[in-house]
Amino acid sequence: QVKVVESGGGLVQAGGSLRLSCAASRRTFSTYAMGWFRQAPGKEREFVAAISRSGGTTYYTDSVKGRFTISRDYAKNTVYLQMNSMKPEDTAVYYCAADESWDRLVRGRAGYWGQGTQVIVSS
């Protein structure tokens, strides 16, 4: 099993930036593909970004391409989501997820999820 804990959420003005962090508990961090999802009020949870086990492949939903960057630090067992040029529609609870399967991860069927961190973008 792996435990993931998000941090870094908060309130930011439109056009601003935030960096979310997701710390994973296991030393075998490199065996997990990692991703970020978000859920806005009244909406279903949606995929945001994912990074492969090796870090060599990243994948983003269209609405965040060019604005968000996912990365991972193997020494710290941590995944980051750098969010720039933020918009009010980015307001949501952001969840970190982990799975050994890339396919399960990007389909939203990851085995491990964090508790979420709130992001609010004011206009």
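The values are calculated or read from the model by the stated rules, or taken from the named source; none is laboratory data. This one's a predicted model, so the numbers in the text were calculated from it and none came from an experiment. Glycine gets a Cβ as well: all are built from the backbone with ideal geometry, and neighbour counts include every protein chain shown. Accessible surface is based on the protein model in full, side chains and every heavy atom, while ligands, DNA and RNA are left aside. Shrake-Rupley method; radii C 1.70, N 1.55, O 1.52, S 1.80 Å.
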Rh (Kirkwood, all Cα-Cα pairs) for segment 1-103, Å, reads 13.8 Å
If amide H atoms are built 1.01 Å from N in the plane of the peptide, which residues on other chains or at least 5 residues away come under 5 Å of the amide H of R26? K3
Cross-link candidates for K3: which aspartates and glutamates have Cα within less than 14 Å, leaving aside residues fewer than 8 places away along the same chain? D99, E100
Size of segment 72-123 as Cα extents on the principal axes (Å, biggest first): 38, 26, 18
Output the relative contact order of the chain, whole-number percent, from Cα pairs under 8 angstrom with separation of 6+ residues. 36 percent
Once both labels are modelled 7 Å past Cα along the beta-carbon direction, what's the T69-T28 spacing in nm? 3.1 nm
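Among all stretches of the chain without exposed trypsin sites (Lys or Arg not before Pro) (DSSP loop, at most 13 other Cβ atoms within 10 Å), which one is longest?
On the way: sites that count: K3, R27, K43, K65, K76, R107, R109.
For trypsin sites (Lys or Arg not before Pro) (loop position, at most 13 other Cβ atoms within 10 Å), the longest site-free span of the chain is 77-106.
For K3 and Q118 in the same chain, what is the full-extension length gain: residue separation times 0.36 nm, less their Cα-Cα distance, in nm?
In short, 39.5 nm is gained.
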Ignoring ligands, DNA and RNA, what accessible area per residue does the chain give at 1.4 Å, in Å²? 53 Å²
Accessible area of the chain with a 1.4 Å probe: how many percent of it is carbon plus sulfur? 44 percent
Segment 1-53 - Debye-derived log10 I(q)/I(0), Cα point model, q = 0.14 Å⁻¹: -0.49
List the lysines whose Cα sits under 16 Å from the Cα of K43, skipping any in the same chain fewer than 8 residues away. none
Sites D103 and A14, calculated FRET efficiency, Cβ-Cβ separation with R0 30 Å, nearest 0.05: 0.30
